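This report concerns only the one structure given below.
The values are calculated or read from the model by the stated rules, or taken from the named source; none is laboratory data. Because the structure is a prediction, the values reported are computed rather than measured. Glycine also receives a Cβ, built like all others from the backbone with ideal geometry; neighbour counts cover every protein chain displayed.
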Amino acid sequence: MISIASNASPIPALAHPALWRGSELARVSVPSLPTGFPALDAELPGKGWPTGSLTEILPARVGIGELRLLGPALAGLSAAGKRLVWIDPPHRPYAPALAAAGIELARLVIVRTRTDRETLWALEQALDSRTCGAVLAWPSAVKYTELRRLQLAAEDSRALAVLFRPQQATVESSPAALRIGLAIAAGGLAVHILKRRGAPLERAILISSTSFHSHAVDCSSPAGTATRSAAARLATA
Amino acid sequence: MSTTAALALAPQLRVRQRDASAETEAQLGIAAWAMQFTPNVALEFPDAVLLEVSGSLKLFGGLTQILGDVREGLAAMGFTASLAVAPTSRAAGWFACAGQETLVTDAVRLDEAVSALPAAALRCDPDILEAIAAIGVITLGDLLALPRDGLARRFGQTLLDDLDRARGRLPDPRTFFTPPVRFDARIELISEVTQAEALLFAARRLLLQLAGYLAARSGGVQRLVLRLAHRDGGTTAIAIGLVAPTRDAEHFTLLVRERLGSVALREPVHAIAIEATDILPLAGDNLGLFPDDTGTPGNWERLIERLRARLGTEAVHGLATHAEHRPEHASVKAEPDERQLKLEFGERPFWLLDAPRPIAEVGTVPNYEGPLTLLAGPERIESGWWDDDDIARDYFVARTSAESLVWVYRERRGGGWYLHGLFA
């Protein structure tokens with residue numbers, strides 16, 4: 001009798017790296033950006049946010065924590081000198097909070113558009129220019145064909161391309177490589193991976209509030225101690 | 001032949017009034033554009049531009065290459081021209097004006113070629129031309145065969161001198177053209193235009209002319225103004241600003257196309273003009289030795305310009321922190337890539353509402369889609385008495401019943417709770 005230990009295959013040829021098995025996550029050719037949350041990293045192909053393809057984030061409501069989810073990755077990109085472009089955010093981005101989260105404000109550009117068409121056009125332009133590290137856009141409605149086009153533009157750009165869409169868009173089909181739904185759960189944020197390259201994930205990943213706020217703290221400054229105590233209070237509340 | 005006779009013969013003929021001033025303007029525009037090939041450009045009115053290219057042959061890769069570039073450029077700008085090359089300027093002018101595109105590079109062939117020209121190429125008074133024809137002279141060769149003193153006596157010494165200058169026997173000094181300090185060119189459209197996109201075709205010709213003019217002056221512009229002349233006599237001015245000075249015609253075309261795409265013409269347009277006043281010195285681009293993988297810095301500026309051209313200059317901006325206690329003033333718009341100060345603030349939300357939204361107070365607890373639980377605070381901010389925008393507020397971080405975090409404040413004077421930001 002052959003005893004199978006761990007994941008070793010009884011047939012050595014099946015362990016070839018070019019062969020994908022149904023239970024595995026896809027291998028990505030372009031390096032991914034670590035999300036900063038290990039629980040989320042473990043479930044994403046490439047162990048991080050995909051670059052060079054479209055990502056959709058569908059929060060249950062605006063302001064639930066979707067931007068803080070991206071915060072560490074954006075901070076890392078801006079510190080590395082890459083440019084961030086935000087297209088038509090729902091409210092005014094607040095500079096002191098972004099600076100406290102570690103995002104270099106000199107690298108951030110906000111684009112205000114009037115129609116969805118302009119938003120998608122600006123997104124495509126930013127991706128085509130290949131000069132941005134991350135492009136975030138908030139369109140109100142996007143069609144499948146437009147998403148397909150953006151996916152193609154994202155492939156050439158090697159940038160983190162994120163579309164924030166309303167929760168109703170969960171039922172629509174989309175060519176994006178990664179789709180994430182966000183909802184509030186007790187003690188933090190529940191991240192549902194709706195679509196990823198690889199096997200689907202049934203359970204939600206819980207990201208606790210403490211891990212959110214630990215990223216926003218600069219321990220050496222006096223203001224940092226204030227935020228730390230605030231964070232401690234928030235965590236216990 | 002009179003106009004009516006011409007129309008009778010060819011009813012589909014379109015008759016236009018001759019506009020001599022527009023012709024002169026076009027000639028001057030072409031001369032300024034042609035200065036990118038050589039600094040020595042002379043004009044011969046009414047319709048010839050002379051370029052002295054012996055010094056430019058090496059740089060531009062030979063005579064055929066320069067001729068090709070000039071021909072292409074003129075065609076792209078919408079002009080039809082005949083080009084001729086000769087060792088003397090007068091001979092070259094005569095060949096071109098006679099419509100013969102001759103290419104003569106040595107003196108021996110020059111005499112032959114000049115002799116083959118018809119007598120009308122002389123471009124002198126019609127009486128003299130008549131007199132020449134009357135004595136049976138058809139080509140300049142026939143004229144040159146006649147005795148010189150006889151010619152001088154009958155038709156004037158100037159005629160003889162011109163012939164000698166054309167053949168290189170006498171010097172022919174020219175005053176060279178100096179380009180104007182600002183660029184201002186105009187095209188009358190053939191028919192009125194109601195859609196802004198249709199103006200792009202005419203605008204492109206002007207932009208090519210501008211690019212040539214800037215190349216001649218080794219300069220770039222950071223600002224262009226398009227003026228559209230309407231049927232009712234008014235003009236619309238469209239200003240296009242660039243992040244960095246440039247003289248790239250393709251880039252100008254892209255920006256103008258984006259801008260025209262978002263302009264709605266209130267009245268049909270019959271003429272378009274482009275004006276560029278500030279010419280800034282711009283050296284040529286240095287190409288890198290190794291190919292870049294993430295795009296050159298120039299591409300970023302191009303992206304910002306493209307976005308601004310279509311969406312408006314104020315629609316694309318950066319963010320900066322401002323040393324201010326009042327939250328709404330602590331975040332200001334800035335130019336992209338502007339240097340930032342590092343400032344410290346307390347816990348602040350990612351999103352700030354444009355205007356604080358009043359929320360209800362149920363009991364003693366503020367209510368925004370359900371009762372709010374106050375988590376952190378109060379942070380008292382009182383500031384701004386010096387510019388009539390003074391605030392006295394107690395800020396709290398609160399959690400809504402839907403478990404999202406918001407930033408609310410209580411107005412100290414007059415009471416009332418307001419929602420000011422969302423933590424996201």
| In region B:369-405, which residue that is assigned to a strand (DSSP E or B) and among the β-branched types (V, I, T) is farthest from the chain's Cα centre (by Cα)? | B:T373
| field | Count - residues of region B:391-404 that are modelled with pLDDT of 80 or more and either farther than 19 Å from A:Y94 by Cβ or within 12 Å of another protein chain (Cβ to nearest Cβ) (or both) | value | 7
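Which one of B:L228, B:L224 is within 23 Å of B:P336 (Cβ to Cβ) and surrounded by 14 or more Cβ atoms within 10 Å (Cβ to Cβ)? Walk me through it before giving the result.
Values: B:L228 fails: within 23 Å of B:P336 (Cβ to Cβ).
One residue alone meets the criteria, B:L224.
Going by the conditions given, is A:A106 within 10 Å of another protein chain (Cβ to nearest Cβ) and surrounded by 21 or more Cβ atoms within 10 Å (Cβ to Cβ)?
Details: within 10 Å of another protein chain (Cβ to nearest Cβ): yes; surrounded by 21 or more Cβ atoms within 10 Å (Cβ to Cβ): no.
Spelling it out, it is not the case that A:A106 is within 10 Å of another protein chain (Cβ to nearest Cβ) and surrounded by 21 or more Cβ atoms within 10 Å (Cβ to Cβ).
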| said: Conditions first: (1) more than 11 Å from the chain's Cα centre (by Cα); (2) part of a helix (DSSP H, G or I). B:S191 passes all but one, so which condition is the exception? | reply: (2)
| task | Within region B:301-326, track down each residue that is part of a helix (DSSP H, G or I) and either more than 10 Å from chain A (Cβ to nearest Cβ) or small (G, A, S) (or both). | result | B:E305, B:A309, B:T313, B:A315
| query | What helices (runs of 4 or more DSSP H) lie completely within region B:37-129 and have 1 or more residues being exposed (fewer than 14 other Cβ atoms within 10 Å of the Cβ) and at pLDDT 85 or above? | reply | B:57-60, B:63-76, B:107-115
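Counting only residues that are more than 14 Å from chain B (Cβ to nearest Cβ) and either free of Cβ contacts under 8 Å to residues at least 40 places away in the same chain or buried (at least 19 other Cβ atoms within 10 Å of the Cβ) (or both), give me the helices (runs of 4 or more DSSP H) lying completely in region A:32-100 with at least 1 of them.
Values: elements: A:38-43, A:66-79, A:95-100.
Fully inside region A:32-100 and qualifying: A:38-43, A:66-79.
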| task | Go through (1) closer than 20 Å to A:P93 by Cα; (2) touching a residue at least 60 places away in the same chain (Cβ under 8 Å); (3) crowded, with 16+ Cβ neighbours inside 10 Å; (4) not polar (S, T, N, Q) and name the single condition A:I180 misses. | result | (1)
| request: Quick one: which residue in B:V408, B:V332 is more than 7 Å from every other protein chain (Cβ to nearest Cβ), assigned to a strand (DSSP E or B), among the β-branched types (V, I, T) and within 22 Å of A:V111 (Cα to Cα)? | output: B:V332
| Options A:L19, A:L44, A:L40: the member that is among the hydrophobic types (A, V, I, L, M, F, W, C), closer than 21 Å to A:P175 by Cβ and at pLDDT 70 or above | A:L44
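Go through the residues of region B:272-283 one by one and say whether even a single one is at pLDDT below 80, away from chain A (no Cβ under 13 Å) and either touching a Phe, Trp or Tyr at 6+ places or on another chain (Cβ under 9 Å) or assigned to a loop (DSSP other than H, G, I, E, B) (or both).
Of all residues in region B:272-283, those at pLDDT below 80 come to B:283.
Then keep just the ones that are away from chain A (no Cβ under 13 Å); that gives B:283.
If we keep only those that are either touching a Phe, Trp or Tyr at 6+ places or on another chain (Cβ under 9 Å) or assigned to a loop (DSSP other than H, G, I, E, B) (or both) too, we end up with B:283.
Yes, the conditions are met somewhere in region B:272-283.
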| said: Go through (1) closer than 22 Å to A:A100 by Cα; (2) in a strand (DSSP E or B); (3) within 14 Å of chain A (Cβ to nearest Cβ) for B:R357 and report which single condition fails. | reply: (1)
| request: Return the only residue of B:L28, B:L7 being more than 29 Å from the chain's Cα centre (by Cα) and surrounded by 12 or more Cβ atoms within 10 Å (Cβ to Cβ). | output: B:L7
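For region A:109-130, which residues satisfy the criterion of being in a helix (DSSP H, G or I) and facing another protein chain (nearest Cβ under 7 Å)? Before you say what the answer is, go through the steps one by one.
Initially, region A:109-130 is screened for residues in a helix (DSSP H, G or I), giving A:116-129.
The answer is A:E118, A:A122, A:Q125, A:A126, A:S129.
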| Can you find a residue in region A:164-181 that is within 11 Å of chain B (Cβ to nearest Cβ) and more than 24 Å from B:E301 (Cβ to Cβ)? | yes
| query | Do any strands (runs of 3 or more DSSP E) lying entirely in region A:141-213 carry at least 2 residues that are aliphatic (A, V, I, L, M) and modelled with pLDDT under 90, and which ones are they? | reply | A:178-185, A:188-195, A:205-208
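Restricting attention to region B:199-243, which residues are outside any helix (DSSP H, G or I), in contact (Cβ under 8 Å) with a residue 12 or more places away in the chain and among the polar types (S, T, N, Q)? Let's see the steps before the verdict.
Step one: list which residues in region B:199-243 are outside any helix (DSSP H, G or I), which gives B:218-243.
With in contact (Cβ under 8 Å) with a residue 12 or more places away in the chain added as a condition, the list becomes B:218-232, B:234, B:236-243.
B:S218, B:Q222, B:T236, listed by residue number.
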